[in-house]
Amino acid sequence: MCGGFAVPSATAASDPDLAAVAAHYRGQTPTRWGTSLPGIAATFAASGRQIALTFDACVRRCDEALLATLERNSVPALLFLSSVWIDANPGRAEQLAANPLFEIGNHGTRHVPLSVTGRSAYGIGGSRSADEVVTEVWTNHTRIAALTGKPPTWFRPGTAYYDDVAVAIVAELGERPLGFTVDADDGAKASAARVRSAITGAAPGSVVLAHMNHPESGTAAGVSDAITAMLATGWQFVSLSSQFVQ
Ligand SMILES: [Zn+2]
């Protein structure tokens with residue numbers, strides 16, 4: 001996305017005061033950086049053999065085989081869409097938003113690590129200030145709210161990295177920062193066999209992270225194999241929105 005980083009204006013009476021949130025955190029110095037920090041939910045309270053699947057739609061492409069597998073098995077999933085991905089797949093984004101099997105989460109506007117100092121992860125430069133964090137969260141928040149008719153509940157940044165100030169900003173904007181228990185596809189670089197074993201090895205209450213924008217990867221086949229194996233052994237795939245997340 002080109003252009004500046006001015007804080008967008010709020011659009012509804014219930015929206016947070018974006019300028020006030022940015023001003024509150026401006027100048028605060030982060031002390032922690034990572035994918036698993038206080039305030040980032042990463043597990044849920046399972047009732048028996050339950051796990052939750054989440055898929056990041058980062059940029060460009062759509063893994064149709066993966067989505068078909070979820071639909072064929074009626075497996076719910078939380079799909080994290082970035083504005084970059086929505087721009088590349090506007091019609092598909094509308095279809096997914098309308099499908100009750102899926103909840104749409106906020107995967108950021110520019111799909112960058114959520115930092116107030118420009119810190120990088122995997123070579124991707126992060127947002128550089130509290131103002132940019134607000135913009136990264138809120139521009140895509142309004143995009144998804146328009147797409148789905150309801151504001152997104154969950155946020156996961158591009159690369160899943162946050163600093164602790166950014167985590168606090170997400171919460172103050174009314175979204176819940178989500179991490180993961182199991183990284184199932186290693187950025188869509190893992191083989192199908194490895195994806196399968198990562199998911200089938202997950203403990204009850206795990207939040208599983210994989211990707212839905214790399215159809216060339218082993219993710220779809222690995223997820224399909226894991227779903228087949230786990231449904232046959234009494235596992236249940238649950239919608240994270242219906243669970244108490246810890
Ligand atoms: Zn991503």
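Based on Cα contacts under 8 Å between residues 6+ apart, the chain shows a relative contact order of 30 percent. Sorted largest first by accessible area at a 1.4 angstrom probe radius, with every protein chain in place, the residues Arg60, Arg143 fall in the order Arg60, Arg143.
Of all DSSP bridge pairs formed entirely within the chain, close to 20 percent run antiparallel.
The 1.4 Å probe gives accessible areas that order Tyr161, Tyr25, largest first, as Tyr161, Tyr25. In a fully extended conformation the segment linking Ala19 and Val59 would gain 11.6 nm over its present Cα-Cα distance, using 0.36 nm per residue.
Close amide H partners of Val112, meaning residues 5 or more places away or on another chain with modelled amide H under 5 Å apart, are Gly158.
Computed from phi, the 3J(HN,Hα) profile of the range 162-171 under the Karplus parametrisation 6.51, -1.76, 1.60 (θ = phi - 60°) reads 9, 9, 5, 5, 5, 4, 5, 5, 4, 5 Hz, with x in place of Gly and Pro. Anisotropy class assigned to the range 24-123 is oblate, per the alpha carbon gyration tensor with a/c at or over the 1.5 cut-off and a/b no larger than b/c.
Solvent exposure of Arg194, expressed as accessible area, is near 110 Å², computed with a probe of 1.4 Å over the protein chains only. Amide H contacts for Phe80 (H built 1.01 Å from N in the peptide plane; partners 5 or more residues away or on another chain; cut-off under 5 Å): Phe55, Asp56, Ala57, Gly105. Going by accessible surface with a 1.4 Å probe and the largest first, Lys189, Lys150 read Lys189, Lys150. Applying the Karplus relation 6.51 cos²θ - 1.76 cosθ + 1.60 with θ = phi - 60° to the range 22-28 yields 3J(HN,Hα) values of 4, 5, 4, 9, 4, x, 6 Hz, where x marks Gly and Pro. Shown for the range 63-161: the carbon plus sulfur share of the solvent-accessible area, taken with all protein chains present and a 1.4 angstrom probe, equals 50%. For the range 173-218, the per residue solvent-accessible surface stands at 36 Å², with DNA, RNA and ligands left out and a 1.4 Å probe. Relative to the dominant Cα principal axis of the chain, helix 219-232 is inclined by about 60°.
Estimate the FRET efficiency between Ala68 and Tyr122 by the formula 1/(1 + (r/R0)^6), using the beta-carbon distance for r and 35 Å for R0, to the nearest 0.05. Between Ala68 and Tyr122 the formula returns 0.75. Close amide H pairs (under 5 Å, H built 1.01 Å from N) link Gly179 with Ala41, Ala42, residues at least 5 positions away or on another chain.
The values are calculated or read from the model by the stated rules, or taken from the named source; none is laboratory data. Owing to the predicted nature of the structure, the values given are computational and were not obtained by experimental measurement. Methodologically, a virtual Cβ is constructed for each residue, glycine included, from the backbone with ideal geometry; neighbour enumeration extends over all protein chains shown. Please note that ligands, DNA and RNA were not included when accessible areas were found on the heavy atoms of the full protein model with its side chains. Shrake-Rupley method; radii C 1.70, N 1.55, O 1.52, S 1.80 Å.
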